[in-house]
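J.: Questions regarding the structure given below will be posed in turn.
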Amino acid sequence: MFSLSSTVQPQVTVPLSHLINAFHSPKSTSVSVSTSVSQNQHRDVVPEHEAPSSEPLLNLRDLGLSELKIGQIDQLVDSLLPGFCKGKNISSHWHISHVSAQSFFENKYGYIDVFSTLRSSCLYRQHSRTLKSICSDLQYWPGFIQSRGFKTLKSRTRRLQSTSERLAESQQIAPSFVKGFLLRDRGSDVETLDKLMKTKNIPEAHQDAFKTGFAEGFLKAQALTQKTNDSLRRTRLILFVLLLFGIYGLLKNPFLSVRFRTTTGLDSAVDPVQMKNVTFEHVKGVEEAKQELQEVVEFLKNPQKFTVLGGKLPKGILLVGPPGTGKTLLARAVAGEADVPFYYASGSEFDEMFVGVGASRIRNLFREAKANAPCVIFIDELDSVGGKRIESPMHPYSRQTINQLLAEMDGFKPNEGVIIIGATNFPEALDNALIRPGRFDMQVTVPRPDVKGRKEILKWYLNKIKYDQSVDAEIIARGTVGFSGAELENLVNQAALKAAVDGKEMVTMKELEFSKDKILMGPERRSVEIDNKNKTITAYHESGHAIIAYYTKDAMPINKATIMPRGPTLGHVSLLPENDRWNETRSQLLAQMDVSMGGRVAEELIFGSDHITTGASSDFDNATRIAKRMVTKFGMSEKLGVMTYSDTGKLSPETQSAIEQEIRILLRDSYERAKHILKTHAKEHKNLAEALLTYETLDAKEIQIVLEGKKLELR
Ligand SMILES: Nc1ncnc2c1ncn2[C@@H]1O[C@H](COP(=O)(O)OP(=O)(O)OP(=O)(O)O)[C@@H](O)[C@H]1O
Ligand SMILES: [Zn+2]
C-alpha cells in the first residue's frame, strides 16, 4: 500500500522506538536485570502487573529504577547505548545501531513488519517486567508523534485534545516524562529527560551520551522523513509526466488514436447515410421479408398517418437469418425506399471493456437519430450487445450497454419515426428483455434463398458483368443448394475473375461451374502429378457413379463428372436436383445410396477385389448415413416399424443389433443393385472412363453423348 500514513510513519517514531528496542530487545539483559533486583521490589511489582487494571500506569519509582546499582545501570545503559559502557565513549557501534527503524523486527531484519505496531502494543502490555512496563508507556508516544508529519493543523489539535483528555484522566499516575512526550513539547522533553536522569542517579558522563544519542536519532529521523517526502514528490512527478506522454502518444500514433477514439464513444457511427441508391429492387429472393418490411417503409414515409387511429407500429424489427442472406441489405433498402437517413452500428462496437463506453455510444446514436427522425437505426450483430452471455465476467460492462439500449428504446414514442432494425444470426441467444413487446417485437426471417431465389440473385449479379448468352443461371442455381446471397455474389465475381485471368471476353458456364466447385470443394490442384494408374482408377470410379446415376430412375440428373483433383478429392461427379428437395421419397434415397456405391463397385469389377482402393470411404459414409436415417428416423424399415430411434446408445442391445442389421441389409442390397447396373452397362462404363481420361471433365451433355455411343467432338 502506498498510503501516506504508512510511508511517513516510520521516520518520526524512530528515536523512541529505538529506545524501546534498546530497553528490552536483548531479552537476556532484561531478565538478568529483573533477577538481580532485590526480592522486595520484585514482590512489589509483580502483583501490580498481575492486576490487569494497572497495566500501563506505572510510576518509575514503583519500578524500582531509582534503586538500581551502578552495575545494573551499566547493564541498562549498555542495552540502551550498546558499547558505551566499555569505551566510556560514543562508539561507532552506537552510530550504526541507531534508530532508523520503528521496531525491533525492522532493526533486526531490515524490513518493516506491518503488524509490528499492533503486536508491540499488545505484547508490551503483557510483559510483567518493570522495564517493559515503562516501554508500554513509552510506546504511546509514537502514535501521537506520527501525526505531526502530515496531519493538518486541525486534526492535530483534535488529536492533541483527545490526548490531553486522556491525560487528564491518568494525570495522577502517568510518569511525567511520558506526559512530556505526549504533549510533544520539545523543551519539556529535554527537561523531563534531565529530571529523569537526575532522579535516577545516572552519572553525568552517561547523561550526555544519553542525550546525544537521543538527539542523533531524532536528526536521523528528520533526514529520513525529508528523504521519503522527496522521493514521494519525485514519484508523483514521474507518474504525471508518464501520464502526459501516454495521452500524447494516444493522440499522435494513428493506431493508438483509433483505439482511443473508439473508446471515447464520442464519434460512434453517428453519421447517417442517405440510402437513395438501395431499394427493395436490389434485394432478391427474399420476397416474404420484403413484403413484411413494406409497411415499415410506409410508416417511415408518413409516421402520423399510421398513428392517427391509435395504432402502434413496432419500434424494433429483428431480422433473423444466416450470415450473408441480405439482412443488412434489406435494412438499407428500407431506409432507401422511405428516403430517410440510415444509421449503421455494429453490436460489437458497443462491446467495450471500458465501463460506460458502450452505453454512451448507444446514447449518442439515439440522440443523433432522434434529432433526424424519421430515420432507421440498424444494429448489426445485435446478439453481441444484447446477448444472454452478457453476464459473463469477460464483458463486465455489457449489462450497462444493454440497459442503455432498452432505456433508449423505451424512451421514444412510437410515432416519433425512429425505426430500429436489429440483425442476428442467433435469435435464441438474445436477452429476453430485448424481444418483449415494445422493443424488438417484430421478427422477420431472412432465409437462405431457394432455387428460384438463387436464380434471381445469380441473374442480378450476372447482369453486372459480361456473360455469354449460353449461360444458364438456373443450372448454377440448382447446383448451389444452401448458398446464401453473399456466396452467390461471390460465385459470379470469381467466375468473372477467372474469365479475365484466362483472357476470355465473356463469362461462360465453364467459369461459373469452375468457381462453384472452387467454393464447394476448394481450389483445383492442377500442379499435383497423378500417375496414370491412379488416374485410370479415378476415371473408372467416377464413371461408375455417373453410370448408376444415369441408369437409375429416381437418381438426380448428372451435372458433371471430372477427374480433376480439387481440395481433398481426386475427382467427383456432381448431380443436380431438378428443384430444391423439400421431401425425398424412399426410392430417391435408395437411388442416392446406389449412386454412392457405384464408385467402389466399378473398382471391384474392373480391377478385381484385391485392388479396391480407399477412395470410396466418403461414398460409404454418405450411403450409411442415408440408410441409418431411413431406419431410425424415417420409419422406412419394415422390421423396425414406424418409429424413431433418436439416441441409439440408450437402446436395448437387441434393438441396437436389429437396427444395425437393417442398415446392413439396405447397404448390401444397394451394392448389389449397383453391381447389376454396372455389369449390364460395362461398355458404356468403359467409354465414359476413357472419355474422362481424355477430357478430364465432362458436362451433362457430353456424358449423354458418350453414353449414347456417339463420338465427342474434339475440344
Ligand atoms: N438477397 C440478396 N439479394 C442480393 N444481394 C444479396 C442478397 N443477400 C446478400 N447479398 C449480397 O451479399 C452482401 C452481404 O449481405 P448482407 O451484408 O446484407 O448479409 P447479412 O445477412 O447482413 O450478413 P451478416 O449476417 O453476415 O451481417 C450484400 O451486400 C449483397 O451484395
Ligand atoms: Zn466416389
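J.: Within the stretch 682-715, which residues have the backbone N less than 13 Å from the label spot 7 Å out from S470 along Cα→beta-carbon, could you tell me?
T.: Only 699-702, 713-715 fall inside the zone, counting backbone N under 13 Å.
J.: Hey, if you put +1 on the Cβ of every Lys and Arg and -1 on every Asp and Glu Cβ in the stretch 499-610, which of P523, L605, Q592 ends up farthest toward the positive end of that dipole?
T.: Going by the charge dipole, the pick is P523.
J.: Which FRET efficiency value, to the nearest 0.05, is calculated for K683 and E287 with the Förster distance at 51 angstrom and r the Cβ-Cβ distance? All intermediate terms of the calculation are to be shown ahead of the outcome.
T.: On the way: r = 49 Å, r/R0 = 0.96.
Once the sixth-power term is evaluated, E becomes 0.55.
J.: Using a 7 Å offset from Cα along Cα-Cβ at S587, what residues in the stretch 631-657 end up with backbone N under 20 Å from the label point?
T.: Counting only backbone N, you get 631, 634-638.
J.: Measure up K535/K686; K628/K679; K284/K455 against 18 Å on the Cα-Cα distance and list the ones that go over. Kindly include the intermediate steps, with their values, before the conclusion.
T.: Working: K535/K686 14 Å; K628/K679 27 Å; K284/K455 9 Å.
Cα-Cα > 18 Å for K628/K679; rest within.
J.: How much length is gained if the chain between S617 and S231 is pulled fully straight, taking 0.36 nm per residue apart and subtracting their Cα-Cα distance, in nm to one decimal?
T.: Additional length available on full extension: 131.4 nm.
J.: Looking at the stretch 543-694 from every direction and averaging, what is the projected area of its Cα convex hull in nm²?
T.: Projected area, direction-averaged: 10.3 nm².
J.: Another question about this same structure. From the backbone phi of the stretch 283-300, what are the Karplus-calculated ³J(HN,Hα) couplings (6.51 cos²θ - 1.76 cosθ + 1.60, θ = phi - 60°) in whole Hz, Gly and Pro given as x?
T.: So the Karplus estimates, Gly and Pro as x, are 9, 10, x, 10, 4, 4, 4, 5, 4, 5, 7, 4, 5, 5, 4, 4, 4, 5 Hz.
J.: For a quick check: with amide H placed at 1.01 Å from N, whose amide H comes under 5 Å from F378's, ignoring anything fewer than 5 positions away on the same chain?
T.: Y343, Y344, A345, I421
J.: Sort 278-289, 651-662, 402-413 for me by packing, meaning the mean count of neighbouring Cβ atoms within 10 Å per residue, highest on top.
T.: 278-289, 402-413, 651-662
J.: Tabulate in residue order the Karplus-calculated ³J(HN,Hα) for the stretch 661-666, using 6.51 cos²θ - 1.76 cosθ + 1.60 with θ = phi - 60°, rounded to whole Hz; enter x for Gly and Pro.
T.: Once rounded to whole Hz, the list reads 4, 4, 4, 4, 5, 4.
J.: Once all Cα-Cα distances of the stretch 504-558 are split into 10 Å bins that start at 0, what whole-number percent is in each one?
T.: Calculated over all Cα pairs of the stretch 504-558, the distribution is 19, 29, 41, 11 percent.
J.: Given a Förster distance of 60 Å, report the FRET efficiency between R625 and F240 from their Cβ-Cβ distance, rounded to the nearest 0.05.
T.: Using R0 = 60 Å, I get an efficiency of 0.30.
J.: Which of the GluC sites (Glu not before Pro) found in the stretch 572-604 are loop residues per DSSP with 13 or fewer other Cβ atoms within 10 Å of their Cβ?
T.: Answer in residue order: E578.
J.: Please list the non-local residues whose amide H lies under 5 Å from the amide H of L318, H modeled 1.01 Å from N, same-chain partners needing a gap of 5 or more.
T.: G422, M442, Q443, V444
J.: If we sort 692-705, 488-501 on the protection proxy, mean other Cβ atoms within 10 Å, highest first, what's the order?
T.: 488-501, 692-705
J.: Return the distance in nm (one decimal) between the two label points of a simple spin-label model at N579 and S527, each offset 7 Å from Cα along Cα→Cβ.
T.: Computed distance between label sites N579 and S527 equals 4.6 nm.
J.: Given 10 °C and 1.306 mPa s, how large is the Stokes-Einstein diffusion coefficient of the stretch 399-471 in µm²/s, with Rh as the Kirkwood radius over Cα pairs?
T.: Roughly 100 µm²/s, to the nearest whole number.
J.: Moving on to the next point. Could you give the nm distance between label points at A223 and T279, where each point is 7 Å from its Cα heading toward the beta carbon?
T.: 9.0 nm
J.: Something else: I need to check one value: relative contact order of the stretch 532-707, counting alpha carbon pairs closer than 8 Å and at least 6 residues apart, in percent.
T.: 30 percent
Here, each number is a calculation from the coordinates, and none is a lab measurement. Remember, it's a predicted structure, so these values are computed and weren't measured experimentally. Every residue, glycine as well, gets a Cβ built from its backbone with ideal geometry; the counts of neighbours run over all protein chains shown.
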